[in-house]
Each structure stands twice: as structure tokens, then as C-alpha cells.
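**Q** I am attaching a structure below and will ask some questions about it afterwards.
The values are calculated or read from the model by the stated rules, or taken from the named source; none is laboratory data. Quantities reported herein were computed from a predicted structural model and do not represent experimental measurements. Heads up, the Cβs are rebuilt from the backbone with ideal geometry, glycines too, and the neighbour counts pull from every protein chain shown.
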Amino acid sequence: MKTIDLEQSSVRELNQALHDQALQCTEREWQVTHPAGKHNLACGLDQNLSIDIVGHAGYYCAGMNKKAHVVVHGNVGQGVAENMMSGSVRVKGDASQSAGATGHGGLLVIEGNAAARCGISMKGIDIVVKGNVGHMSCFMGQAGNLVICGDAGDALGDSLYEVHIYVKGQVKSLGADCIEKEMREEHLQELGALLNRAGVDEDPTSFKRYGSARDLYNFKVDNAAAY
């Protein structure tokens with residue numbers, strides 16, 4: 001395992017060393033120590049690497065991830081795993097706002113709570129949150145799955161498209177065009193598989209499913225106030 005101490009090395013040096021693995025992979029297991037909340041850690045990866053960040057990370061940790069598997073042993077700031085394409089990111093603590101924003105693929109697991117706008121404009125990523133999520137989560141969500149094992153704040157799923165949202169706890173309010181939907185057998189299987197991938201021990205039958213009513217797909221003058 002290759003260890004990089006951010007008290008001795010810069011974030012730029014860390015990311016360059018990780019990016020170099022896409023050209024010639026010489027080390028697959030990495031440990032980052034003393035992150036001290038620094039921003040942009042392990043961004044833009046394009047190789048099947050395993051990276052443990054031992055401590056708290058700042059903004060945009062593991063952004064634009066492709067193939068790599070990143071674990072943060074602490075909390076993360078805004079935009080963790082933003083625009084992730086594949087691989088996985090696991091946060092052992094809490095996440096600030098916009099976790100998994102615009103993600104196209106891969107799996108993001110947040111073992112604590114996620115703040116506002118979790119999964120905003122998600123485009124295929126799977127997000128599993130063991131705690132609660134804040135307001136406007138999954139706003140304009142287009143594809144993928146958002147699993148919330150706790151409660152959800154105001155305006156969940158506002159103006160969403162085809163994301164599947166699963167919530168075990170209470171939903172403070174639903175956003176425009178988001179409604180509760182029937183939980184059919186295929187959804188129980190989908191949710192069960194997601195929980196298994198995330199390593200979360202929950203009963204899929206205890207969740208409710210939410211999705212798009214599809215009333216805003218085409219402009220209707222009667223809905224003008226909702227656009």
C-alpha cells in the first residue's frame with residue numbers, strides 16, 4: 001500500500017500520483033493521511049484503484065471518479081462524488097450539500113446524513129444514504145436510484161424525471177411532479193440489490209417508493225406556476 005501524508009505532500013502531488021496510474025498502474029492500494037478537510041482530494045481518477053482517506057475531506061472529494069473505489073473515514077464537504085461515472089465512493093461520516101450531483105454511474109454510500117440537494121440532477125448514479133437527507137434532494141433527478149434509510153426534507157424529487165426514490169422514514173414534503181408510487185416486486189428486488197451492494201441491513205418492504213407523475217414532461221398552461 002502506498003501512503004501519502006498531506007502534511008508532507010500537496011493535494012496536487014497526491015492527485016498527480018493517482019492520475020499517473022491511468023497510464024501505468026504500479027500501485028492499486030493507496031492511503032491518504034492527515035487530509036485535514038482539504039478540498040479536491042482524489043478527483044478525476046481513471047483507474048481501478050482502492051483509496052482510503054483517513055480523516056475528513058473538504059469540497060468535491062472523489063469528483064469525476066471513474067473505476068476507483070474511495071473510502072473517506074470521516075465527513076466530507078460539498079459535492080462529494082460529483083459527476084461520478086463508475087466505481088464507488090463510501091463516506092463513513094456525514095456529507096454536506098450536493099452529494100453525488102450530476103453523477104452518471106457508480107455507487108455512492110453515505111453512512112451518516114446528507115445535507116441539502118443530495119443527488120441533484122443525478123443521471124444514472126446509485127446513492128444510498130443510511131441517515132437523513134436535506135431539502136431539495138434529487139431535484140431534477142434524471143436516472144438512477146436514491147435510497148434514503150432515514151427521513152427526507154422539503155421538496156423531495158422536485159421536477160424529477162425517471163429516478164427511483166426509496167425512503168424508509170418520513171418525507172417532509174414532495175416537490176413538483178413527485179408522487180408516491182406502488183412498490184411492486186421488481187422494485188423490491190431492485191432495492192434489495194442496492195442495499196446489498198451498499199452493505200446496508202434494511203428490509204426493502206419497510207420502504208416507500210417515489211417517482212415522477214410525468215405531468216411536467218410537456219408544457220401545460222395550467223401547470224405554468226410549477227415550472
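**Q** Just the residues that are under 16 Å from Asp151 (Cβ atoms) and β-branched (Val, Ile, Thr), please, taken from the range 95-130.
**A** Those that are under 16 Å from Asp151 (Cβ atoms) and β-branched (Val, Ile, Thr): Ile110, Ile127, Val128, Val129.
**Q** Is one or more of the residues making up the range 128-136 assigned by TED's automatic domain parsing to the domain that holds Glu202 and among the small types (Gly, Ala, Ser)?
**A** Looking for residues that are assigned by TED's automatic domain parsing to the domain that holds Glu202 and among the small types (Gly, Ala, Ser), one finds at least one in the range 128-136, hence yes.
**Q** So, Glu186, is that one closer than 21 Å to Gln142 by Cα and surrounded by 13 or more Cβ atoms within 10 Å (Cβ to Cβ) or not?
**A** No: the conditions fail for Glu186.
**Q** Now for a different question. Against the condition touching a His at 6+ places or on another chain (Cβ under 9 Å) and either free of Cβ contacts under 8 Å to residues at least 24 places away in the same chain or not assigned by TED's automatic domain parsing to the domain that holds Gly87 (or both), how does Ala155 come out, does it pass?
**A** yes
**Q** Taking the range 41-60 on its own, how many of its residues are in contact with a helix residue (DSSP H, G or I) (Cβ under 6 Å, 6 or more places away or on another chain) and part of a strand (DSSP E or B)?
**A** Adding up the residues that qualify gives 1.
**Q** Now for a separate question. On the given criteria, is Gln8 polar (S, T, N, Q) and either in a helix (DSSP H, G or I) or under 16 Å from the mean Cα position of the chain (by Cα) (or both)?
**A** No: the conditions fail for Gln8.
**Q** What single numbered condition from (1) modelled with pLDDT of 95 or more; (2) surrounded by 16 or more Cβ atoms within 10 Å (Cβ to Cβ); (3) among the small types (Gly, Ala, Ser); (4) not in a strand (DSSP E or B) fails to hold for Gly211?
**A** Of the numbered conditions (1) modelled with pLDDT of 95 or more; (2) surrounded by 16 or more Cβ atoms within 10 Å (Cβ to Cβ); (3) among the small types (Gly, Ala, Ser); (4) not in a strand (DSSP E or B), the odd one out for Gly211 is (4).
**Q** From the list Thr33, Thr102, pick out the single residue that is surrounded by fewer than 23 Cβ atoms within 10 Å (Cβ to Cβ), out of contact with any helix residue (DSSP H, G or I) (no Cβ under 8 Å at 6 or more places or on another chain), on the phi > 0 side of the Ramachandran plot and free of Cβ contacts under 8 Å to residues at least 60 places away in the same chain.
**A** Thr102
**Q** Restricting to the range 146-180, count the residues that are of a type in the set (A, V, I, L, M, F, W, C) and in contact with a Cys (Cβ under 7 Å, 6 or more places away or on another chain).
**A** Residues flagged as of a type in the set (A, V, I, L, M, F, W, C) and in contact with a Cys (Cβ under 7 Å, 6 or more places away or on another chain) within the range 146-180 amount to 5.
**Q** Search the range 196-209 for residues that are among the acidic types (Asp, Glu) and pair each with any residue that is assigned to a helix (DSSP H, G or I) when their beta-carbon atoms are under 8 Å apart and the residues are at least 6 apart or on different chains.
**A** As it stands, the answer is Asp201/Leu195; Glu202/Leu195, since those pairs meet every condition given.
**Q** Then there's this: Just give me the residues in the range 144-182 being in contact with a helix residue (DSSP H, G or I) (Cβ under 8 Å, 6 or more places away or on another chain), surrounded by fewer than 22 Cβ atoms within 10 Å (Cβ to Cβ) and closer than 16 Å to Asp203 by Cα, in sequence order.
**A** Lys168
**Q** When you go through His104, His73, His69, His39 one by one, which is the residue that is within 19 Å of the chain's Cα centre (by Cα) and in the same structural domain as Ser121 (by TED's automatic domain parsing)?
**A** None of the other options fit; the residue is His104.
Okay, residues lined up against (1) touching a Cys at 6+ places or on another chain (Cβ under 7 Å); (2) on the phi > 0 side of the Ramachandran plot; (3) in contact (Cβ under 8 Å) with a residue 40 or more places away in the chain; (4) among the hydroxyl-bearing types (Ser, Thr, Tyr):
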site: Ala95; (1), (2), (3), (4): no, no, no, no
site: Gly106; (1), (2), (3), (4): no, yes, yes, no
site: Val109; (1), (2), (3), (4): no, no, yes, no
site: Gly112; (1), (2), (3), (4): no, no, no, no
site: Ala116; (1), (2), (3), (4): no, no, no, no
site: Ile127; (1), (2), (3), (4): yes, no, no, no
site: Lys130; (1), (2), (3), (4): yes, no, yes, no
site: Gly141; (1), (2), (3), (4): no, no, no, no
